[in-house]
Structure formats: C-alpha cells, structure tokens
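Report on the structure given below.
Each reported figure results from applying straightforward, stated rules to the coordinates on display, with no laboratory input. Everything numeric here is computed off the predicted structure, so don't read it as measured data. Here the Cβ positions follow ideal geometry from the backbone for every residue, glycine too, while neighbour counts run over all protein chains shown.
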Amino acid sequence: MSKESRRREALIYHAKPKPGKIQVVPSKKYATQRDLSLAYSPGVAEPCLEIEKETNNVYKYTNKGNLVAVISNGTAVLGLGNIGPEASKPVMEGKGLLFKIFADIDVFDIEVNTENVDEFIETVKNISPTFGGINLEDIKAPEAFEIERRLKEELDIPVMHDDQHGTAIISAAALLNALELADKNIEEVSIVISGAGAAAVSCTKLYKSFGAKAENIVMLDSKGVIRKDRDTLSEEKEEFATARKIDTLEEAMENADVFVGLSIADIVSPDMLKSMADNPIVFAMANPNPEIDYDLAIKTREDIIMATGRSDHPNQVNNVLGFPFIFRGALDVRATKINEEMKMAAVKALAELAKEPVPEQVNIAYGETRLTFGRDYIIPKPFDPRLIAAVPPAVAKAAMESGVATEDIVNWQKYEDELHERLGSDNKIIRLLLNRARTNPKRIVFAEADHLDVLKAAQIVYEEGIGIPVLLGRKEIILELMEQIEFEIENLEIIDPKSDEQEEKRNYYAEKHWKNRRRSGITLYDAQKIMRERNYFAAMMVNEGDADTMISGYSRAYPSVVRPVLETIGRFDGVSKVATTNLMLTKRGPLFISDTSINIDPTAKELAKIAQMTNYTMKMFGLTPVIAMVSYANFGSSKDPHATKVKEAVEYLHRVTPDMHVDGELQTDFALNPDMLQKKFPFSKLAGKKVNALVFPNLDSANSNYKLLKELNGVESIGPIMLGMRKPVHILQLGASVEEMVNMAAVSVVDAQQKEKRKKEALKQQKD
C-alpha cells in the first residue's frame, strides 16, 4: 500500500462511521419516565446531598472511582513534536481506548490550550474533582517534570506522566530479568543511556531505585556525553552528569554491560556492540527504528540480550504492559498518588510474571514455540491475560503498605476474580488470532477476487502478513481493481479458471475429481465442465496442495458454495457430518454458537458430534471450552422429543468424553448466568464455570440467535467457521464485510497451521 493510500485508510478509520474512537455509554436504565426521574430530576438530588454531607460519597454514587483524565497540551506528541492541543486529540482518544480494553477504565480526554506551566497546572487542578486519576500525556520536557511534580504534591488523586514512567517501569522489569540471565548485579553493571528526555530520565531514576550506581551510569543527549564540566545543564541532567572523561557514545560503550536507547535510529554500530562486555544487554527503544537494527545486533553478538519498542521482535518494551494496570490498582484502593513503591511493585510483578509458565492461549498467539523465560522472553507479552490479575494487586498492595491507599482490599482472591471479569469486555481474541496467523502465513485462495471488497480484504491480509493471497476471477477486472486501491505485489498469483492458459490445470483437476467421484454419478465431461467454476477450481487447488486454504461465499448463497467444497475436499476421517460455529465477541467475552449454517435438524448423536468439533476448535483459539447444550427445557423438565434429543446428546457426551466441560439440556439464560445456574442446578457440570459455547438443537435457533446478537447488540462475529473438513476451507456469509473476510482469512490460516501440525504428528507416530 502506498503512503497516500495508507494515509487515506487512517483518516477513514478515525472519521467513519462516526468521528473519533471513544464515546460515553449510559450505565443505568433509561427506558421509562421513572428511570429518567431517578437519573436526573428529582431523584438525582439525593446522591448530591449525600456527597455534600461526605465528599468521599462521590465514589459511591458516581463513576469518579473508575474515571481517568488523559490530559495533554500537544507539545510532544509521539514523533510529531509540538502540534497543538487539537491535533493531539486523536492520540489522547487512542490512549483512552487502551485504558478501556486492557483494564476496563473509563477515560475523558482533555486537551489544554496552553504551554504555560502555571496555567496548565491550574486547569488540571480545577477539573480534578471529576476524576479518580490523571494521566499526563505528550508534554514536552523539561516542563513535564515540573507539571507532574507539582500536581502530585497538590492533588489527592493518582497522577502519572506515562511518557516518563511507562517506559521506565517496563524496561526496568526487562532489565532485572536480563541481568539475572546474564548473571550480573545491578549494583555493579556499567550502564549507557542514549537520550536525556523525560523517558530516559525516568528510566535512569527507576534503575537507581533498584540499585544502579550513579558512578556507573553515562547519559548522552544530542550534544554528546552529559559531563559535570558541561555548562548550563538542567536540574534533571545534572543528576546524571558523569565525572569520567568520556566524549562520545563509542567511548561510553567500551566494556559497558547495558545500553538503553531512547534517542534516534542507527546510532549504534556493530563495532560498538563488539566493544561491550560479555552478555551485553541492549534495549534499543527508539521508534519506529531502533538505535541498531535487531537482526544486525543478533548477528553481531550471539550472547546479546536485546529488547526493542517494536512488536515484530522478541522483548517488546510496550507501555501498555504498565499504565492500564497501574491505574487499575491505584483506583481500586483510592490511592492519593502513584508513588515510587507502587511503580517498583509493578516492575517486580511484571518481572516475576515472565518467569511463570505461559498460558496456552499466549503460546498459540505467538506461534508453535512455547514461550519460556530466557533471552527472547524477558517481559510478558501484551496479550497475556494474566497481566490484569498480576499487576493491579501488586500496585494496590504497595499503595496500602506505603500509606497512600484510602480503601483497603481484604479479600484478594475475590479482587483477582473481579479483575478477570473485567476482561470480558475486551476482544483480545482477534489480536491473538491475527498474531498467530502472522507467525506462519499460508497461501489463501480468494475465490471471488474480482469483487472490490474481497480484493480489499486480500490486500489487508497481504499487508498485515496474515497470509499470501491467490486471486481467482476475471483477470482484467482484478488488475483494474488493484490499480484503483493501489494493491501492488510482485509475483502475485492471479488465476482465471475459465482462461485458456489454465486449460492444462483444469484438465488435471478434472481427472483427479472424476477419479474421486466417478462412483457418485460424475463423468469426466462433468468434471471438466465444473472445473471452470471458481469454487470447484479453488477447492481442488487446496486439495492438491497448490494452496493451503480458501475463502469464498461473499457473492453467492451459502449452499451453492458448500456443495463444491464438500464434493471435492470432503470430511475429516471419522466425521459423519460437517458443521459450523460462529465466534461472537460479546461484552462478557468470546462466545461460540453452533451449528449456525449447515445441519437443519441434527439427531442427538449429530448434536454430540457438533459439540465435540466445537470443543476442538475452541482449543485451537487457546480457550478452555465450557459448553452448554441449549434447549427450551432444563434437565428433563420436558418430555418432548425436541428436548429429549438434547438430553440424549448430553448423556452420550458424558459417557464418551467425560473430561469435556459440557452439560444440558439448559435454557439460554441459565447457561449464561452462573449465579442462576449455581442456585437452581448446583449438580450441573457447568456450575461455578463461565459458559463460552452454546450448541443449539437446530439450525433455526442457532442461526437466528447469532444474527440477532450481531444486529441488535452490534456484536462482532467471526464465522461461520467450518468444522470437520479434511482441509482448511471456510465459507463466508453472503455480503460479508471486509473486516469479516480478513478475520476469516486469519481463521483459515490458523486452521491450516493446525492441520499441518496434526499431519506431522500423525506421521511421526507412524514412524515411531
């Protein structure tokens, strides 16, 4: 994608369907006049009077305790510099979005139109009663230091300038673990800091809190080494001025144990790396390009332990590992500030988490290798679901122990459970899915590539590294559309199944298909004829290994696409009927619904098989399946055949697969409400568990329910995901959106990865 095209895409993302990235959503009922009279006049007077009596009641009756202000004056925005408050607003909204999805914290972004320190501070102080915490953002140094210092002194709510402390906290955790792996003592190591801005200063101060010695630290700014004999040093730089006679970065790097870069790209040479001590620790965190290229650094020093700010290399120093969870812990004990003890607690929690066994969900997201504590894994991944229950409790405990908490947490297990529940509103599973696909991209046939939306999806799949598109359709139309959307790929495979140049391939596929289907009424002539049809051709490409997976169904009714796929590829061994499931990304977390597209009225045995296939697919996503077999009845309350069918399916599953977390027959509300289920049916295998899959008794109910969720509640859906196919093939719903197609492409890649892995394991067993 060209720079201009990417620019347009970014602008459209922020402008459509409505401007901005965050919104205010009511948290109370407002449907009736009675509701409104409680929400506003006259009912609202009562909490007002209670807060007047006791100011802290504001936490009881308003959202202050879960509301953070992200505040900037736009003087140091990302790499854009001083662009002003209005221009900074998209960044502040983005920060608000991260707060919400990672820690369920609400945000108002505030852009202040002043560069005067006193005016800025006064503004923040005047609006502070609204908020439970203040996140200062993108304010230039040295003003940022004074603003944060004074606000922390003058306000009784947590204040943190994330640009300073976020990187410091994450990199400190990485440094502690890197030093452990290198068998070095923080009190003895020689540290070089390239950069002297807010982040660099904060990093260095925090390293000192953990034992780093000032005499072992050399800091550089744009003018060179910060030495004591330099004139006009700021107060912040004076603290780190060295007495050593060093003039250049090259000199500073000799025998250094640690390099921390928060400066500019490509200032560290391979020779500088070679001059460092054994097992050098290099944190090259300049974005988007580090101080030395990752691959070059690894090639130069085999013993290096390296981190960057980039997601495409191991050990990403990402602020999102810190600020959402630090504020979460601070808010939950109503801390009056974020102090050094709380920051250090966050560092230790992150460092310790990296040493614990990594959940399968995270391993899956990052490919086939199992993440274990070591040189390529010194800090947790941003997708790790354990962060929410690891960092906030550590921060909260530190706040309580250091005397800045005004509310105590007594039941820590209950608190951790509540934190896990907060993740229900976040749909991390898409990010996990896309990341998993990127680890081993596969060749994806887009069977309807001469449609603009399909081609757009293929473009995104290619540019995001999810897969390698193979485009089927009318070649001249595809090329014309590609030019329109600036889709440029060298050596891109574009195939028109009807063209003369594909005659040899068509005949080859036809003969193969005929041999497989000749006892099912298919003649060779029939086979040759249908191979001109794109879905048959695409399916045969997958069947014969000319592609790894395929996507189709955008422009045609579902049954007309299913038929060619079933006739050419067929079912997995032991599968009597294929089925589909839809992954619904609900506020309570991911929810699978089966069977949404194929089996009209399955038998009890078929229902059980659908549940088993759903169970297998959910594990592919790194989830622990908890499946409810849905009916209009509860546990034998009806003797109607429609209910007893579900009961028989459950009995079969309990007998054949006793380890599966599955039960029924159950009404949907009982399935989705753990308290109701526990109270009425404590004997159920689902009691005390959070159901994340519903298997419906027929196609009517499953299809209607998933589409109802999608349209009425705006729930994002991934699917239908094919279950039980021999090869990875997935069929879209008619008119699927570009986003849905991209997500399904990622599913197809992951499916191909899994089937490839399964095949290798089977071959290995045969050899053994």
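Report relative contact order for segment 321-426 in percent, whole number only (criteria: Cα-Cα under 8 Å, sequence separation at least 6).
42 percent
Strictly over 22 Å apart at the Cα level, which of LYS475/LYS727; LYS140/LYS228; LYS587/LYS647; LYS95/LYS710; LYS680/LYS710; LYS213/LYS348 would you flag in this model?
LYS475/LYS727; LYS140/LYS228; LYS587/LYS647; LYS95/LYS710; LYS680/LYS710
Can you give me the Cα centroid spacing of segment 739-756 and segment 609-652 in angstrom?
Cα centroid of segment 739-756 versus Cα centroid of segment 609-652: 25 Å apart.
Which of the lysines could be linked to LYS767 by a straight reach, that is with a Cα gap under 21 Å, when you skip same-chain ones fewer than 8 residues away?
LYS755, LYS757, LYS759
Give, as a single signed number, the net charge of other residues whose beta carbon lies under 13 Å from the beta carbon of GLU488, with Lys and Arg counted +1 and Asp and Glu -1.
Within the 13 Å Cβ shell, the charges total -3.
Compute the longest continuous run of the chain that contains no exposed chymotrypsin sites (Phe, Trp or Tyr not before Pro); treat a site as exposed when its DSSP state is not H, G, I, E or B and it has at most 13 other Cβ atoms within 10 Å.
Excluding the exposed sites themselves, the longest stretch runs over 41-682.
Going by amide H atoms built from the backbone, whose H comes under 5 Å of the H on LYS442, apart from near neighbours?
ILE468
Please find the FRET efficiency linking GLU119 to GLU711, where r is the Cβ-Cβ separation and R0 is fixed at 45 Å, and quote it to the nearest 0.05.
0.40
So who's got an amide H within less than 5 Å of the one on THR596, skipping anything under 5 residues away but keeping other chains? H placed 1.01 Å off N, in plane.
Those lying under 5 Å, H to H, from THR596 are THR580, THR581, ASN582.
Using helices alone, what [θ] at 222 nm do you get for the chain, with -39,500 (n - 2.57) per DSSP H run of 4 or more residues, divided over all residues and rounded to the nearest 500?
Calculated from helices alone, the mean residue ellipticity at 222 nm is -14000 deg cm²/dmol.
Which ³J(HN,Hα) values in Hz, rounded to whole numbers, follow from the phi angles of segment 282-296 under the Karplus curve 6.51 cos²θ - 1.76 cosθ + 1.60, where θ = phi - 60° and Gly and Pro get x?
3J(HN,Hα) across segment 282-296, in whole Hz: 10, 10, 9, 10, 5, 10, x, 10, x, 4, 8, 4, 4, 4, 5.
What do you get for the angle between helix 198-209 and the principal long axis of the chain? Use alpha-carbon atoms, 0 to 90 degrees, nearest ten.
80 degrees
Among DSSP beta bridges lying fully in the chain, give the percent that are antiparallel, nearest 5.
Counting only bridges with both partners in the chain, antiparallel ones make up about 25 percent.
Within a Cβ distance under 12 Å of ASN535, other residues only, what is the Lys/Arg minus Asp/Glu net charge?
Result for the local shell: +1.
Any idea what the relative contact order of segment 579-724 is, in percent, if you count C-alpha pairs under 8 Å spaced at least 6 apart?
It comes to 39 percent, rounded to a whole number.
Quick check on segment 650-768: what are the equivalent-ellipsoid semi-axes from the Cα gyration tensor, as sqrt(5λ), descending, whole Å?
That gives 30, 25, 12 Å for the three semi-axes.
In debye, nearest 20: dipole of segment 165-317 around its Cα centre with unit charges on the Cβ of K, R (+) and D, E (-)?
280 debye
Please list the non-local residues whose amide H lies under 5 Å from the amide H of VAL107, H modeled 1.01 Å from N, same-chain partners needing a gap of 5 or more.
It is VAL68, by chain and number.
Which one of SER701, VAL662, LEU677 has its Cα pushed farthest toward the positive end of the charge dipole of segment 647-741, where Lys and Arg give +1 and Asp and Glu give -1 at the Cβ?
Final value for the positive-end residue is VAL662.
Kindly provide log₁₀ I(q)/I(0) values, in the same order as q = 0.13, 0.22, 0.24, 0.28 Å⁻¹, from the Debye equation applied to equal alpha-carbon scatterers of segment 720-768.
-0.38, -0.78, -0.86, -1.02
Leaving out same-chain residues fewer than 8 places away, which aspartates and glutamates sit with a Cα under 16 Å from that of LYS64?
GLU50, GLU52, GLU54, ASP104, ASP106, ASP109, ASP156, ASP332, GLU407
Give the relative contact order (percent, whole number) for the chain; include only Cα pairs under 8 Å separated by 6+ residues.
Once divided by the residue count of the chain, the mean separation gives 9 percent.
In whole angstrom, how far apart do the alpha carbon centroids of segment 419-491 and segment 233-253 sit?
For segment 419-491 versus segment 233-253, the Cα centre distance is 49 Å.
Report, in degrees rounded to the nearest 10, the 0 to 90 angle that the Cα long axis of helix 503-517 makes with the longest principal axis of the chain.
60 degrees
Quick check on segment 579-724: take the gyration tensor over C-alpha atoms, sort the square-rooted eigenvalues as a ≥ b ≥ c, and tell me if it's rounded (a/c under 1.5), prolate or oblate.
rounded
Once you have a ≥ b ≥ c as the square roots of the Cα gyration tensor eigenvalues for segment 616-693, tell me rounded if a/c is under 1.5, and otherwise prolate or oblate according to whether a/b is larger than b/c.
Judged from the Cα gyration tensor, segment 616-693 comes out oblate (a/c at least 1.5, b/c at or above a/b).
Net charge near LYS299: determine it from the other residues with C-beta under 12 Å of the C-beta of LYS299, scoring Lys and Arg +1 and Asp and Glu -1.
Around LYS299, the surrounding residues sum to -1.
Given axes a ≥ b ≥ c from the Cα gyration tensor, I'd like to know whether segment 165-317 is rounded (a/c under 1.5), prolate (a/b larger than b/c) or oblate.
Cα axes put segment 165-317 in the rounded bin.
Measure out, as a whole number of angstrom, how far apart the alpha-carbon centroids of segment 129-169 and segment 49-74 sit.
Distance between centres, Cα-based: 18 Å.
What do you get for the angle between helix 641-656 and the principal long axis of the chain? Use alpha-carbon atoms, 0 to 90 degrees, nearest ten.
Its long axis makes an angle of about 70 degrees.
Just want the answer: with Cβ charges of +1 for Lys and Arg and -1 for Asp and Glu, which residue in ILE264, ALA539, ALA144 is farthest toward the dipole's positive end in the chain?
Farthest along the dipole direction, towards plus: ALA539.
Taking the chain, how much of its Cα-Cα pair set, in percent, is spaced more than 42 angstrom apart?
Summing the P(r) tail past 42 Å for the chain gives 40 percent.
Among LYS442/LYS760; LYS184/LYS208; LYS208/LYS381, which pairs are too far apart, with a Cα-Cα distance over 19 Å?
LYS208/LYS381
Starting from the Cα of LYS605, draw a straight line to each of the aspartates and glutamates and keep only those under 19 Å, dropping any in the same chain fewer than 8 residues away.
Of all the aspartates and glutamates, those that pass the test against LYS605 - Cα under 19 Å, at least 8 places apart if same chain - are ASP573, ASP595, ASP640, GLU648, GLU651, ASP659, ASP663, GLU665, ASP700.
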